[in-house]
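This report refers to the structure that appears directly beneath it.
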Amino acid sequence: MNKSSISNITALLKKIKPIHYLVVLAIIGIGIFNGVTGIMPQVKQSRYEKGIVKSFDKWWEEEGANNFRRVGLEPNEQIRQEEFEQFRSRAFALKPSYIVEDRIEIMKKDFREWWEINGGKEAFIEKNNRYPGEADFQHELAEWIDNYTDKFVRYNMAFTPKKEQYDRLLTSWLLFPSVWNYILFAVLFVFTVIKLERRWQWFILWGCIVGWTLAGGILVSLLTSTSFFDHYSGERYMGMSLTLAFLLGATAFAPRKDMVSQPVSALCFTGLLLDMAVNWFVNPNIFGAVTVLSPVAFGVGAFAGLKIETRRKTRYELKQEALLERAQRVAHRNPMAEMKTKTRAMIESGIENAKGGRSDQALRLLSQAMIQLLQEHPIDKAAVRSLADSMNKLYIEISSNQWLEWGEIAKAKNAPEAAIMFLKKGLMLEKDRNFARRALYILGETCVTNKIEQEDGIKRLQKVIEMNGTDILAKQAQRILDSQKKANS
């Protein structure tokens with residue numbers, strides 16, 4: 001992975017707010033919860049059935065096949081399979097299926113048998129003093145099955161419109177009818193929340209999410225009370241398809257066209273159609289009602305997206321927009337001015353990062369800004385000094401080599417005051433004797449040549465000679481000192 005890719009990923013991560021991480025963690029938690037509650041019964045049943053096969057194989061090898069040989073029959077594959085089916089049936093009779101839906105089907109058959117043959121009707125007549133009808137049978141059957149299914153979270157947390165247990169709307173949204181519903185929810189919910197929290201106040205966004213999560217079950221309950229869907233009213237409703245449809249509608253439409261791009265709008269419509277297709281073709285029959293209601297929720301979301309005012313921007317966002325607008329205005333007049341504006345904006349951003357404790361980002365931005373200031377012509381001496389002072393006040397750690405390098409650049413750019421300032425800062429930090437001696441020479445030469453702090457410059461050149469009086473640097477320093485003496489005499 002190259003530096004550009006790493007910087008792009010870093011920039012993307014910095015745009016993600018803490019609330020986004022919380023949303024992602026919550027969605028992952030919901031996914032784990034659905035996986036455990038939805039898949040574990042199948043896993044347990046699969047283990048049990050493998051155990052049945054293993055037990056039968058052992059019995060067949062040790063006893064079963066020999067039993068047939070004793071009575072004069074050669075045990076072939078057909079006989080073996082017939083024996084296995086009987087063995088499997090006896091095992092299932094002793095231990096019911098772990099899969100709740102399979103167990104319910106068996107319970108319906110057992111209850112019908114008890115009702116018709118083993119005294120069910122008689123017990124009802126004795127208790128209620130009247131002969132039962134089919135509605136009574138269904139009522140008694142439902143109560144019997146509910147006593148069993150209420151032991152399982154995917155039943156006691158789900159909302160069933162027929163039972164009117166509206167308190168379960170507080171938990172039914174945690175369950176998803178299929179893995180496809182969860183995948184669509186995980187992707188599209190994060191997408192819509194990130195988009196809408198940039199436009200809406202947080203309490204409006206989360207108020208709509210909570211409101212539609214509760215209202216979704218109520219709408220399904222109303223629709224299943226109609227003649228077309230009434231035979232599905234006893235089934236479980238779960239998930240957040242209608243909430244998701246609302247969020248997709250709100251994301252696809254905004255008060256101004258420039259606030260929603262065509263790809264975003266297309267993704268919202270595609271997400272709605274995919275979720276509707278899953279509910280209609282993959283999920284149980286009650287989700288046909290959810291499919292019918294999804295365009296309604298999407299339409300309400302679109303209306304909300306068009307009408308709800310955008311949230312107030314933070315002071316930092318307003319400041320950044322003002323800087324960007326100013327940079328764009330200047331860019332039309334002068335490219336150099338645009339670069340200067342970008343440099344100042346970079347300084348502002350670097351200082352903000354430093355104050356926020358992001359020292360590495362601040363160091364990178366402020367160092368780059370200083371280099372760009374030194375590339376300007378003429379150099380803005382006030383801006384250079386102000387940036388250097390800010391680095392000191394914010395405790396931005398600049399290496400001695402960096403200060404000395406900036407000093408040489410400033411000297412070459414004919415900005416002696418800035419060069420002297422940088423060289424002094426570098427000398428304060430430099431530990432290497434040779435680098436320090438060269439910096440002393442450049443500082444002394446700059447001071448003497450430009451007649452700025454001349455006495456201090458002379459002392460620094462003399463120090464260069466004291467440290468080593470035999471090399472070329474010492475000879476150059478002596479030549480400058482001699483020229484200075486002649487000029488003063």
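The values are calculated or read from the model by the stated rules, or taken from the named source; none is laboratory data. Small disclaimer: the values here were computed from a predicted structure and weren't measured. All Cβ positions, even for glycine, are placed from backbone atoms using ideal geometry, and neighbour counts span all protein chains on display. Quick note on the areas: whole protein, heavy atoms, side chains included, nothing else; ligands and nucleic acids left out. Shrake-Rupley method; radii C 1.70, N 1.55, O 1.52, S 1.80 Å.
Numbers at a glance
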item: Near pairs, Cβ below 6 angstrom, 6+ apart or cross-chain, from the range 96-121 (closer than 14 Å to Ile145 by Cα) to any residue that is open to solvent by 80 Å² or more (accessible area, probe 1.4 Å); result: Phe111/Trp144
item: In the range 282-308, the residues that are assigned to a loop (DSSP other than H, G, I, E, B) and closer than 19 Å to Trp212 by Cα; result: Ile286, Ile308
item: Residue within the range 98-114 that is touching an Asp or Glu at 6+ places or on another chain (Cβ under 9 Å), at pLDDT 85 or above and farther than 30 Å from Leu141 by Cα present; result: no
item: Condition check for Gly469: modelled with pLDDT under 85 and assigned to a loop (DSSP other than H, G, I, E, B); result: yes
item: Looking only at the range 25-64, and only at residues there that are surrounded by fewer than 15 Cβ atoms within 10 Å (Cβ to Cβ) and among the β-branched types (Val, Ile, Thr), the one that is farthest from Gln81 (Cα to Cα); result: Ile28
item: Residue in the range 222-240 that is at pLDDT 90 or above, on the phi < 0 side of the Ramachandran plot and under 19 Å from the mean Cα position of the chain (by Cα) present; result: yes
item: Any hit, the range 152-168, residues being surrounded by fewer than 17 Cβ atoms within 10 Å (Cβ to Cβ), among the polar types (S, T, N, Q), closer than 24 Å to Asp230 by Cβ and out of contact with any Leu (no Cβ under 7 Å at 6 or more places or on another chain); result: yes
item: Out of Phe246, Phe253, Phe269, sole residue that is of a type in the set (Phe, Trp, Tyr), within 25 Å of Gln165 (Cβ to Cβ) and out of contact with any His (no Cβ under 6 Å at 6 or more places or on another chain); result: Phe246
item: Inter-residue pairs, beta-carbon under 8 Å, first more than 24 Å from Ile371 (Cβ to Cβ) and in the range 318-342, second modelled with pLDDT under 70, 6+ apart; result: Glu321/Lys313
item: Neighbours by Cβ (under 6 Å, 6+ apart or cross-chain): first from the range 364-389, without any contact (Cβ under 8 Å) to a residue 24 or more places away in the chain; second assigned to a helix (DSSP H, G or I) and open to solvent by less than 20 Å² (accessible area, probe 1.4 Å); result: Leu365/Gly350
item: Within the range 165-281, helices (runs of 4 or more DSSP H) holding 1 or more residues that are touching a residue at least 40 places away in the same chain (Cβ under 8 Å) and in contact with a strand residue (DSSP E or B) (Cβ under 9 Å, 6 or more places away or on another chain); result: 169-172, 202-223
item: Close pairs from the range 125-147: first at negative phi and open to solvent by 80 Å² or more (accessible area, probe 1.4 Å), partner modelled with pLDDT of 85 or more and assigned to a helix (DSSP H, G or I), Cβ under 8 Å, at least 6 apart; result: Tyr131/Lys121; Tyr131/Ile125; Trp144/Met107; Trp144/Phe111
item: Criterion (closer than 30 Å to Gln462 by Cβ and at pLDDT below 80) met by exactly one of Asn401, Asn434, Asn414, Asn392; result: Asn392
item: Number of the exception - Phe87 against (1) surrounded by 13 or more Cβ atoms within 10 Å (Cβ to Cβ); (2) hydrophobic (A, V, I, L, M, F, W, C); (3) farther than 27 Å from Ile39 by Cα; result: (3)
item: Scan of the range 108-164 for residues that are of a type in the set (S, T, N, Q) and in contact with a Ser or Thr (Cβ under 9 Å, 6 or more places away or on another chain), ordered by number; result: Asn156, Thr160
item: Selected residue (only one of Gln368, Gln361 is of a type in the set (S, T, N, Q) and closer than 22 Å to Pro416 by Cα); result: Gln368
item: Single condition Ser178 does not satisfy, out of (1) open to solvent by 40 Å² or more (accessible area, probe 1.4 Å); (2) modelled with pLDDT of 90 or more; result: (1)
